[in-house]
Amino acid sequence: MSSKFKSRFLLISISLLVSIVISLIFISISGTNNEFNFYKFSLIVILSLIIIYIFGVIYTRFFLYNKLKEISKDILPSKDISQTVTTNMDDLVDEIKDYDSQMKSEFSEMKKQESFRREFIGNLAHEIKTPLFTSQSYLLTLLDGALDDKSVNKKYLKTASKAIDRLNLIVKDLDLITKIESGQSNLNSVKFDVIELIQNVYEMLDFSAKKKNIELIIEHENNPPELVMADKEKIEQVITNLVDNSIKYGKENGTTEIVVQNLTDEKIIVRVTDNGIGLKDENYTRIFERFYRVDKSGSRTAGGSGLGLAIVKHIIDAHDEKIYVESEYGVGSEFSFTIEKSK
Ligand SMILES: Nc1ncnc2c1ncn2[C@@H]1O[C@H](COP(=O)(O)OP(=O)(O)OP(=O)(O)O)[C@@H](O)[C@H]1O
Ligand SMILES: [Mg+2]
């Protein structure tokens, strides 16, 4: 039974009950003999029922409506009152309950966002502080006299310059992510060979891979060229970030393998797999957040700002493609993404 029907049924029942009571009282007061006049009684019942019902409707429509309107104005500020406030009590209670649960979930979402924001600012401060202090202390040491010491001055300047490069990278990543998020970074889709792009990325990161003796492998189902349609520069950034991670979080003497496979007639999938440190289940959902790093300790070995995967996710989302992650702690990880084939 709908709540509207329920309240109408209740109003009629109460009106009927009251009118029967009134009629009985009236008959007993006005009766001159002891004979019960059924017709007279029915007439009085019907008349009083109509009067009470009309009064009940008028009361709820005008009096209660205005009262509820006042209350609703306070608790449902953004709603069009004339449309949303109902004279039906059950509907109003439902409406307020809905509003209450909506407010509760909004509040818990706000609390979550606030803790993300705090963590985000903390991470940002930490990431900026480290290279900033490094460059500052090396420059001050040089100013204090180390500039004249030929055995160290070049090394100190190089270290300061590297720290500034790191700062520059953070600012560039932040700038890029802000642009992507606000929709200012448009995609420039072109036709290109994804295998050639992967080889270029491998060449670029060969030095850091060699430092850990990590072998860079590429496998593909089809013969090159594997032509795709996407923003070449951005996809290069995606592959660079994923390969960079696979080396950074890879084990000494390990491997990074990229496999390019057909997914459908229109799409291919690029899988970047490593046999590195892997991820624990609780970190899966968070690694694509800005500045999120699994190892938050100051002594962490692998440097980074935690922006890489957030940028990767944004780029893949902007292409309307998908990114997946599979990982086993202590065994390795696989990051894969889809990309549109060129026709
Ligand atoms: N292949 C991987 N294996 C294990 N953990 C990974 C891997 N890739 C990413 N992670 C985890 O996810 C976190 C976020 O990665 P992300 O690339 O966003 O940041 P970063 O590598 O720390 O810094 P940046 O890429 O900005 O220099 C990393 O700190 C790391 O803990
Ligand atoms: Mg990274």
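Throughout, read-outs are computed from the coordinates displayed, never taken from laboratory work. Note that the structure is predicted; figures quoted are calculated from it, not measured. Glycine also receives a Cβ, built like all others from the backbone with ideal geometry; neighbour counts cover every protein chain displayed.
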Check your understanding: Placing +1 at every Lys and Arg Cβ and -1 at every Asp and Glu Cβ, with all other atoms neutral, what dipole size does the chain have around its Cα centre, in debye to the nearest 20?
Key -> 1220
Practice item. Under 20 Å Cα to Cα from K267, which lysines show up? Leave out anything in the same chain fewer than 8 places away. Key: K191, K232, K234, K313, K322, K341, K343
**Study point:** Options L143, I214, N186, ranked by Cα towards positive dipole end of region 132-236, top entry (Cβ charges)
**Key:** L143
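Ignoring everything except DSSP H segments at least 4 long, calculate the 222 nm mean residue ellipticity for the chain; use -39,500 (n - 2.57) per segment, divide by total residues, nearest 500.
Numbers: 10 runs with 198 residues, N = 343.
Per the formula, -20000 deg cm²/dmol.
Which shape class, rounded, prolate or oblate, goes with region 116-203 when its Cα gyration tensor gives a ≥ b ≥ c as root eigenvalues, a/c under 1.5 marks rounded, and past that a/b bigger than b/c marks prolate?
Values: a/c = 3.54, a/b = 1.61, b/c = 2.20.
Oblate is the answer for region 116-203, as a/c is 1.5 or above yet b/c matches or exceeds a/b.
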Review point. Any idea what angle helix 232-248 forms with the longest principal axis of the chain, computed on alpha-carbon atoms, 0 to 90 degrees, nearest 10?
Key: 80
Revision key, fill the gap. Expected sort for S135, S208, S151 with the fewest Cβ neighbours (10 Å cutoff) up front is S151, S208, S135
Check your understanding: Does the chain classify as rounded, prolate or oblate by the C-alpha gyration tensor (a ≥ b ≥ c root eigenvalues; a/c under 1.5 gives rounded; else a/b over b/c gives prolate, otherwise oblate)?
Key -> prolate
Review point. Expressed as an acute angle from 0 to 90° and rounded to the nearest 10, what is the orientation of the C-alpha long axis of helix 194-211 relative to the principal long axis of the chain?
Key: 70
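Under the rule a/c < 1.5 gives rounded, and otherwise a/b versus b/c splits prolate from oblate, where does region 192-233 land using the Cα gyration tensor?
Working: a/c = 4.00, a/b = 1.80, b/c = 2.22.
Oblate is the answer for region 192-233, as a/c is 1.5 or above yet b/c matches or exceeds a/b.
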**Study point:** Between helix 308-318 and the chain: long-axis angle, C-alpha atoms, 0 to 90°, nearest 10
**Key:** 60
